[in-house]
Amino acid sequence: METLSRDETVALRKKHVASCVELFFNDDPLKIVKGVGQYMFDEKGNKYLDCINNVAHVGHCHPHVVKCASEQMSLLETNSRFLHDNLVIYGKRITQYLPKELQICFFTNSGSESNDLAMRIARRISGGYDVIVLDHAYHGHLTNLVSISPYKFAHPSGDGKQEWVHVAPVPDSYRGKYRSSEYSEDEISELYFQEVVKLVENAEKSGRKICLFYAESLQSCGGQIVYPKNYLKKCYQYLQPKGILCLADEVQTGFYRTGSHMWGFQSQGEDLIPDFVTIGKSMGNGHPVSCLVTQTSHAQKFGEKGLKYFNTYGGNPVSMAVANAVLDVIEKEKLHTHVHEVSTYLLNELERLKQKHEIIGDVRGYGYFIGIDLVKNRQTREPAIESARIVLRAMRDAFILLSLDGPYSNVLKIKPPLCFNMDNAKLLIETFDRILADLKLKAQL
C-alpha cells in the first residue's frame, strides 16, 4: 500500500505542493493509506476511528460503491455529451427525494461548481446581481464563491467584502448577536430574520438588486450551527415573493446526515421549497461528483437566454455509477435509521460531560452533525483556543479523529460516516471524558 516512506512523502509534498494547501494536523500530518467503514489506517497499520469525514458517507471503500465504479470504468469513461443511462436514472432517483417543484439537474464535479452555477443562473434569470449570505459561511473555493464566503474573505489574509455581497448575522443562539440566555427560540428566530429584512431594505434603498440568498441548511464552518425553528422558512417566505431566489447548500448536510431527514433544510419544515439545492461530498462517498437541482421554470428561463451548459466531466458515466451506488446503499442498508439513536446518546452524554467539565461551554447538533464549543470561562464565553488544540491532538493520539472549526477554531466537530455505531459513540465519550479530566488535572499542577 505504501510506495514511499513517510519522510519521503513529506519531502516530496514540501517540494511539489504549495504550503498553503491545508493538511489536518499540519505540524505532524497523518499519512493515511487505507480506509474501511468508519476507520482509517496509517502506514504503520494504526487504526483510527474517523469522526472527521463527512465525505465517505456510507463508509470508506464500501464494497458496493467500489464494485460499481470499477465495473463502469472497465466499460466506458467519457464526457457527458453522449446519452447514458447512469445520468438520467440518477436524475430520476434524486429528484424523488426533493419537493416536486425541483426536477432539473445540472451535474458537476464539486459543490463549488454547483454553487457557482446557481449564481450564474440566478443572475441571468432575475436581472439582479447581488447575493445574501450568512456570516462565517463557506460555499466553495472558486473566485466568486470565496467572495461570498465570510469564512474566507473576512479572514485577516482575505480580500474583504465586495459591494455586491450582503452578510446577515448567522442565527447562532450561543455566540451570536441574539442569544438563548436572553431570548426564547421564537424570539431569536424572528430577530435574526429581521436582520435579513434590514439587509434587503438597505440594498433596495441604495439601488442594488439581490438575486440569490445562500444558506447552508446547518452551518458547518461557522461551528456546527443549528438554526432556530422556522428561521429559513421566514427568510424564504419573505425573499421569494420579492424575486430573490433561495439556495439550500446541502453539500455537507445532505443524504440523511441529520438522521431524520434526507436534507437538512427539511428540518426547518417539510413545506420549505428552495429554488436551488446543491449536493456533493457524500453524494459520491469520496468520488468527485456534485449536482445542482433546480425548478423547471428556472432552468427553462436560463436556457431561453441562449446559453448552453457544458461540463466535461460533470455527469460522466463513472461518476454517476458511483452516485447511484451510494443511493443503493442508503436505500438498502438504511444506515441512517440508527443515526437518531446514536446521536441522541452522544448529545445526552456530551451534556452530561458539560456538567462535569467547565471547559465545555455549549453542545449543539443534529444527527451526525455535532459541535462542542470549548471555553475558558462560561460566563464570558471566551474561546479556549489552545486547549481545543490540545484536546484535538490528544484524541488523535488515542486514535480518534476530530476536527476544529468556528470563527475561533475552538469548536470540536463530530461528523462521522453513517456507519458510525453505538460502540464507536461510547468509545468517543469515554476517551473525551478522560482527556478532559487529564487536561483539568494538568491545569491544577
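The values are calculated or read from the model by the stated rules, or taken from the named source; none is laboratory data. Fair warning: this is a prediction, and the values are worked out from it, not measured in the lab. Backbone-built Cβ (ideal geometry, glycine too); neighbour counts: all protein chains shown.
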Does Arg352 fit the bill of being on the phi < 0 side of the Ramachandran plot and surrounded by 15 or more Cβ atoms within 10 Å (Cβ to Cβ)? no
Any idea which of Val36, Val55 is over 30 Å from Lys301 (Cβ atoms) and assigned to a loop (DSSP other than H, G, I, E, B)? Val55
Selection from region 1-30 of residues that are modelled with pLDDT under 90 and among the charged types (D, E, K, R): Glu2, Glu22, Asp27
Which one of the conditions (1) of a type in the set (D, E, K, R); (2) farther than 30 Å from Asn285 by Cβ; (3) buried (at least 21 other Cβ atoms within 10 Å of the Cβ) does Arg124 fail to meet, given that it meets all the rest? (3)
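Yes or no, residue by residue, for (1) in a loop (DSSP other than H, G, I, E, B); (2) out of contact with any Asp or Glu (no Cβ under 7 Å at 6 or more places or on another chain); (3) of a type in the set (A, V, I, L, M); (4) within 27 Å of Gln379 (Cα to Cα):
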| residue | (1), (2), (3), (4) |
| --- | --- |
| Lys152 | no, yes, no, no |
| His155 | yes, yes, no, yes |
| Asp159 | yes, yes, no, no |
| Lys177 | yes, yes, no, yes |
| Tyr183 | yes, yes, no, yes |
| Ala203 | no, no, yes, no |
| Ala215 | no, no, yes, no |
| Cys221 | yes, no, no, yes |
Of all residues in region 272-323 being over 23 Å from Gln237 (Cα atoms) and among the hydroxyl-bearing types (Ser, Thr, Tyr), the one that is surrounded by the fewest Cβ atoms within 10 Å (Cβ to Cβ): Thr312
Exactly one condition in (1) farther than 21 Å from Phe265 by Cβ; (2) surrounded by 22 or more Cβ atoms within 10 Å (Cβ to Cβ); (3) not acidic (Asp, Glu) is not met by Arg81; state its number. (2)
Does any residue of region 308-325 turn out to be of a type outside the set (A, V, I, L, M, F, W, C), at pLDDT below 95 and part of a helix (DSSP H, G or I)? no
Report every pair of residues separated by at least 6 positions or lying on different chains whose Cβ atoms are under 7 Å apart, first residue within region 416-442 and within 17 Å of Gly365 (Cα to Cα) and not assigned by TED's automatic domain parsing to the domain that holds Leu353, second of a type outside the set (Asp, Glu) and buried (at least 21 other Cβ atoms within 10 Å of the Cβ). none
Scanning region 96-126 residue by residue, the ones that are modelled with pLDDT under 95 and of a type in the set (A, V, I, L, M, F, W, C) total 1
Expected output for region 73-97 (first residue free of Cβ contacts under 8 Å to residues at least 60 places away in the same chain, partner of a type outside the set (Asp, Glu) and surrounded by 13 or more Cβ atoms within 10 Å (Cβ to Cβ), Cβ below 7 Å, 6+ apart or cross-chain) is Gly91/Cys105
Consider Tyr90 against the criteria (1) surrounded by fewer than 15 Cβ atoms within 10 Å (Cβ to Cβ); (2) not in a loop (DSSP other than H, G, I, E, B): it satisfies all of them except one. Which criterion is unmet? (1)
Ala168 - would you say it is buried (at least 20 other Cβ atoms within 10 Å of the Cβ), over 19 Å from Gly222 (Cβ atoms) and modelled with pLDDT of 95 or more? no
Just checking, does region 31-41 include any residue being among the small types (Gly, Ala, Ser), in contact (Cβ under 8 Å) with a residue 12 or more places away in the chain and touching a helix residue (DSSP H, G or I) at 6+ places or on another chain (Cβ under 9 Å)? no
